[in-house]
1. Would you confirm whether or not the range 240-253 contains a residue that is assigned to a helix (DSSP H, G or I), closer than 23 Å to ARG307 by Cα, in the same structural domain as ALA45 (by TED's automatic domain parsing) and within 10 Å of the ligand (Cβ to nearest atom)?
2. Consider GLU268 against the criteria (1) within 30 Å of LEU324 (Cβ to Cβ); (2) within 11 Å of the ligand (Cβ to nearest atom); (3) surrounded by fewer than 18 Cβ atoms within 10 Å (Cβ to Cβ): it satisfies all of them except one. Which criterion is unmet?
3. Quick check, is PRO175 in a loop (DSSP other than H, G, I, E, B) and more than 9 Å from the ligand (Cβ to nearest atom)?
4. Based on this model, can you work out whether SER358 counts as of a type in the set (Ser, Thr, Tyr), modelled with pLDDT of 60 or more and over 21 Å from the mean Cα position of the chain (by Cα)?
5. Just one of the numbered conditions (1) within 14 Å of the ligand (Cβ to nearest atom); (2) of a type in the set (A, V, I, L, M); (3) at pLDDT 95 or above is not true of ILE287; which one?
6. Collect the residues in the range 201-237 that are of a type in the set (A, V, I, L, M), within 11 Å of the ligand (Cβ to nearest atom) and closer than 18 Å to SER22 by Cα, keeping them in residue-number order.
7. Just the residues that are part of a loop (DSSP other than H, G, I, E, B), crowded, with 20+ Cβ neighbours inside 10 Å and more than 7 Å from the ligand (Cβ to nearest atom), please, taken from the range 20-59.
8. Here are some residues: ILE137, ILE200, ILE209. Which one is outside any strand (DSSP E or B) and touching a strand residue (DSSP E or B) at 6+ places or on another chain (Cβ under 8 Å)?
Amino acid sequence: MSETFTSVSQEEAGFRQRARLSFDLDADICVIGAGLAGLSIALEAARLGASVAVLEGRHIGWNASGNQFGTVMPGFALPLTDLIERIGFEDAGELWSLSKEGAEFVRANATEENMPGIGLTDGVLEISNVDAGDRLISRLQMLNEDFDTEAEGWQVDRVRESLKTDRYFHGVYYPKAFQVDGRKYVHGLAALARRAGARIFEDTPVVSIDHSGIRKRIVTPSARLRASQIVLAGNIHLGAPLRRLSETLLPVWRYAGITAPLGERLHEIIGFKGSVMDSDGVDHFRIVDGDRLMWESPETTWAAQPRRFAGSVRRRIRSIFPELGDVEISEMFGGVTGQTVHGMPQIGQLRKGLWVASGFGRQGMNTSAMAGQLIARSILQGDERWKLFSPFELVWAGGITGRVAGQLVGMWGRASSAAAGSLARYRERARVKDREREARLAEANRAAGTGPRHPPAGIRPRMAPPAQPAAAEEAEPAAQEASREQGVSQ
Ligand SMILES: Cc1cc2nc3c(=O)[nH]c(=O)nc-3n(C[C@H](O)[C@H](O)[C@H](O)COP(=O)(O)OP(=O)(O)OC[C@H]3O[C@@H](n4cnc5c(N)ncnc54)[C@H](O)[C@@H]3O)c2cc1C
């Protein structure tokens, strides 16, 4: 690929002359926010023939949408089993299909012809921090048979052949999941939406809306707009137009870094070419630009400069792939995602002609595309499938207290993931030592001419299951390892 992952062109990066709304305007649909959600809706609605105006307070892709990884998976932030528990098998199946349609929308648009340098490649690997092979089988069965999603189970050996670390156990490989240059995608979407006829105005914050009449009024500092439909796609920054809506989202800032070129050794250590993410949602990485490693890990519920987390990303890489040594982080980026209390996105009609598309959390590529399709098709074609999201109401995210709780829950999640991982690896080492000891004993018995029929007192027969280390004995080194890890992951 001749383009580099980081070489977003001047125009793409928003340095082109930005059009600000400076005159009053009428449109069928006014979309507030030019992130992935707003632009997906604008593109779909313009393609279906509506006149669309997008109003963006800063510039296209300014926040998370222009500073993200670009991994496209089916599903939602809410795990599939929880989704089934919440709304039943059938509706969960329909929502899951919609999420796959969202991913296909991205695939269809992210062609090299539409978006030069977008670099779409197939295959994503989800790996487990703990030895959970038994759970994996039922998950694979469910995905393949009940949810019509291609997924392949990888044994520990195969995972470790592809990723030279003992940190991970089993894996689920999704051959049809894919990745694109996440930071280029949003600008590609904007270009496609414009080409389809949508008008995008930047530096145009919406300061208030009046959604009571048939023709709704949208007020910006320099002009007014009238539209029959308003779509609120402002994520956590929506603010004044409907403050209560922003308060239903917990803001979570996520940060990622890109290393300096690492040469051939990177491929010797990381053989998998697509995105890799662990099943606890802590680490997410892939190789970009031939020999650089892009790594996403830290998150906070407070805004901070991404650069501050360079050391933490570096230490995280070293703790998982020690053979890479101390890598140099040459670039950091990040943005804030809006997470809902129930883990599902907010997609639907709040009142006649007033729509919301928000709360996409860390899985916004497919879900924002899905929102675009559902909302545009409902407005223009009467498609009512967005109602499948009705069980997921707007729930207040707890304000400042919610953020503190969110930070603590995040830290706790990372700590327990680290502890569970350390314990799983400790157990694995104990099993290996056990097997080695038994082999040595058998060898000694053979050399001494004694059979294994009567092992000496205190020695377990060979076929006995490997001993589990005593709880206190096993917990201590695992806890030490986990706390070392915690030290590097915050
Ligand atoms: C580091 C990182 C990595 C990620 N990796 C992935 C990944 O690999 N795969 C994946 O699926 N997801 C990923 N995500 C998540 C994904 O980026 C988000 O879910 C998605 O970008 C959210 O899009 P959005 O349009 O809802 O929000 P935003 O990107 O926040 O866009 C909202 C826009 O609305 C504008 N706005 C708000 N209020 C107003 C107003 N009043 N007037 C005018 N404009 C307004 C804002 O200025 C902003 O530009 C990642 C996120 C981060 C931070």
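The values are calculated or read from the model by the stated rules, or taken from the named source; none is laboratory data. This structure is a prediction, so every number in the text was calculated from the model and none was measured. A quick note on method: Cβ atoms are made from the backbone with ideal geometry, for glycine too, and the neighbour counts reach across all protein chains shown.
1. no
2. Among (1) within 30 Å of LEU324 (Cβ to Cβ); (2) within 11 Å of the ligand (Cβ to nearest atom); (3) surrounded by fewer than 18 Cβ atoms within 10 Å (Cβ to Cβ), GLU268 violates only (2).
3. Here the answer is no, as PRO175 does not meet what is asked.
4. no
5. (1)
6. VAL206, VAL207, ILE209, ILE218, VAL219
7. Of everything in the range 20-59, those that are part of a loop (DSSP other than H, G, I, E, B), crowded, with 20+ Cβ neighbours inside 10 Å and more than 7 Å from the ligand (Cβ to nearest atom) turn out to be LEU21, ALA50.
8. Numbers: ILE200 fails: outside any strand (DSSP E or B); ILE209 fails: outside any strand (DSSP E or B).
Result of the check over ILE137, ILE200, ILE209: ILE137.
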